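Enquirer: Please find one structure pasted underneath; my questions will follow.
Just so it is clear, none of the values below were taken in a lab; they were calculated from the coordinates. Computed from a predicted model, the values in this text were never measured in an experiment. Heads up, the Cβs are rebuilt from the backbone with ideal geometry, glycines too, and the neighbour counts pull from every protein chain shown.
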Amino acid sequence: EYDESFKVSSNSGKMELVVCNLKPFIWTGKGKDYVVHPQDGKLEAFLRPIIKGKMLKREQYESPSIFPFEEMVVSSKTPFPVETDGQISKEIKITIKLAKSRIDMIVGKERKF
């Protein structure tokens, strides 16, 4: 559920979700560039449904759908793995929210971001 506006699900029941907002990042797909900017006041969710491979091939990922959001609820009937800061846990429901406050930093004059 995104920003209490709409819900997204996968036909196959399996989906990879990656949330990022660390540095300017460009994803090129379907002939279009998607740019993630940390300063835009949004987090970006990359959703990639997993589809069954043909014959003996493993599962494959579809091209991602990219959604900017401020708050997202991820839920499932069965526990799913969640990796945060290198730690893995199993959850049934999580809420991902953009922190509105900024971090004050002191840097040298010549430092550029």
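Enquirer: Would you mind calculating the relative contact order of region 15-97 from Cα pairs under 8 angstrom and at least 6 residues apart, reporting the percent as a whole number?
Expert: Relative contact order for region 15-97 comes out at 22 percent.
Enquirer: So, one more: Structure shown: which of 32/109; 32/77; 52/77 lie over 31 Å apart, alpha-carbon to alpha-carbon?
Expert: Over 31 Å Cα-Cα: 32/109; 32/77.
Enquirer: Of 7/42; 14/57; 57/93; 7/57; 42/97; 42/100, which sit over 21 Å apart, Cα to Cα?
Expert: 57/93; 7/57
Enquirer: Taking the Cα atoms of region 15-97, report the difference between the largest and smallest coordinate on each principal axis, in whole Å and largest first.
Expert: 43, 34, 21
Enquirer: If each residue's Cβ is checked for other Cβ atoms within 10 Å, how do 85, 33, 40 rank with the fewest at the top?
Expert: 85, 33, 40
Enquirer: Further question: Label residue 25 and residue 39 with points 7 Å out from Cα along Cα→Cβ: what is the distance between them in nm?
Expert: 1.9
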